[in-house]
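Working notes for the structure below.
The values are calculated or read from the model by the stated rules, or taken from the named source; none is laboratory data. In this text the structure is predicted, and so the values were computed from the model without any measurement. Every residue, glycine among them, receives a Cβ derived from its backbone with ideal geometry; neighbour counts consider all protein chains shown.
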Amino acid sequence: MPQTESHYGPLRPFLALAAMLLCVAGCEQEAPRVAPPLKVAVLKVEPRDIPLYLEMVGQTGGSVDIPIRARVDGVIEEMHFLEGRPVTKGQLLYVIDSRPYQSQVAEAEGRLAQARTGLAKARSDLDRIRPLAEMDAVSKQDLDGAIAQFEAAEGAMQAAMAQVDQSEIQLGYTRITAPVAGLIGITQAKVGEYVGRSPNPVVLNVVSRTDPIRVRFSINEREYLRFRRRLSGEMQDIDSDDATDAGLQLILADGSIHPHLGRVVTFDAAIDPTTGTLSLEADFPNPERLVLPGQFARVRGVVELRSGAIAVPQRAVMETQGLFQVAVVADDNTVELRRIVTGPRTEGLWIVESGLKAGERIALEGLQRLRTGMTVVPADPESSDTTAQE
């Protein structure tokens, strides 16, 4: 020990100074860094008129869909159209073998000629007997017989003429024409096939008028009442040319909106008790023939217009166990988490029934990190950044 102390003796003043410096260095503490306020996008709430929409799922069809039927049986000899292409009214579509029906016409015309001959003979006999009966040269019974023969010949003549007309009608059915202008579909029978009698095709094709295109959709009882009140004039005067458009929109399967508005043209007279729904049909102009029959689409119509409504984006609303909150940013940039009462939701917006006033500002993002009393740095929604202000 004496040796150790004598060994460190000359260094003792330096060791004491070093210990003091270490103590001072260890006792110094860094001042805590204060986190800068968050920069959040804010939106000033302004009242506006907001339409409330009702969407219905429907299926498109032609405003006129007419099946093309084979009204006589026979073999298809000709087709005069391109499948899936437009046809004009009266355009020849199919030709069925007409030879059997031409024979029927010839046979009916022969019977007509025979009936004309019989009628001419009966008229001649009556003309000869009538003067003789007036002179009592023949009996009244002979006159009555001649009159009966003449009337029977007239009846046979009329029947023969009707038979000719019927056979000519049957012959005309061998040439099938388009009843309306529109699009024609894929044929159910080709050239050379026997048609017109089951099980062979009787309905050969369908011609659809696609401008306007018709959409059939259904609504439940509650939606019907809202829809009816909104479109009462339209649905009461449905056939009037002066009826105003209902402003219905057609949303296609890819989410795009058909560029032309539609209107209700027909609807059922009663609610279907098995489904509790009412079926309606609406027509939409379709000059580009973009929409085809058989497509599924959604019909959207305005059922209510909220005037001066307060609405906020859905992303600005935080829901917790059925309760809704927004972060209100005061004029001094402090945050207040405030409970609101929401109404209908439309077009990505919540309509606020109470809890928010016009002119107040709300935070659009970062709601999970905001607390009442916090101070934030407001930013425009276009330049929002939730990172800390440097």
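Screening the stretch 164-195 for residues that are part of a helix (DSSP H, G or I) and polar (S, T, N, Q) and picking the one that is nearest to Asp65 (Cα to Cα) gives Gln170. Sub-9 Å Cβ pairs linking a first residue in the stretch 343-368 that is exposed (fewer than 15 other Cβ atoms within 10 Å of the Cβ) to a second residue that is among the aromatic types (Phe, Trp, Tyr) and assigned to a strand (DSSP E or B), at least 6 apart or interchain, are Glu347/Tyr53, ordered by first then second residue. Criterion applied to Ala106, Ala146 was being surrounded by 15 or more Cβ atoms within 10 Å (Cβ to Cβ) and assigned to a helix (DSSP H, G or I), and the one residue passing it is Ala146. When Glu168 is tested against (1) in the same structural domain as Asp127 (by TED's automatic domain parsing); (2) touching a residue at least 24 places away in the same chain (Cβ under 8 Å); (3) farther than 16 Å from Val95 by Cα, just one condition goes unmet, and that condition is (3).
Here Arg216 fits the description: surrounded by fewer than 17 Cβ atoms within 10 Å (Cβ to Cβ) and part of a strand (DSSP E or B). For first residues located in the stretch 196-208 and outside any strand (DSSP E or B), partners that are among the β-branched types (Val, Ile, Thr) and lie 6+ apart or on another chain with Cβ distances below 6 Å form the pairs Gly196/Val72; Pro201/Val195. Of all residues in the stretch 83-107, those satisfying the criterion of being touching a residue at least 60 places away in the same chain (Cβ under 8 Å) and either within 30 Å of Gly145 (Cβ to Cβ) or aliphatic (A, V, I, L, M) (or both) are Val87, Leu92, Leu93, Val95, Ile96, Val105.
Yes/no matrix, rows are residues, columns are (1) farther than 25 Å from Pro47 by Cα; (2) at pLDDT below 90; (3) in contact with a helix residue (DSSP H, G or I) (Cβ under 7 Å, 6 or more places away or on another chain):
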site	(1), (2), (3)
Ala243	yes, yes, yes
Val265	yes, yes, no
Gly276	yes, yes, yes
Phe284	yes, no, no
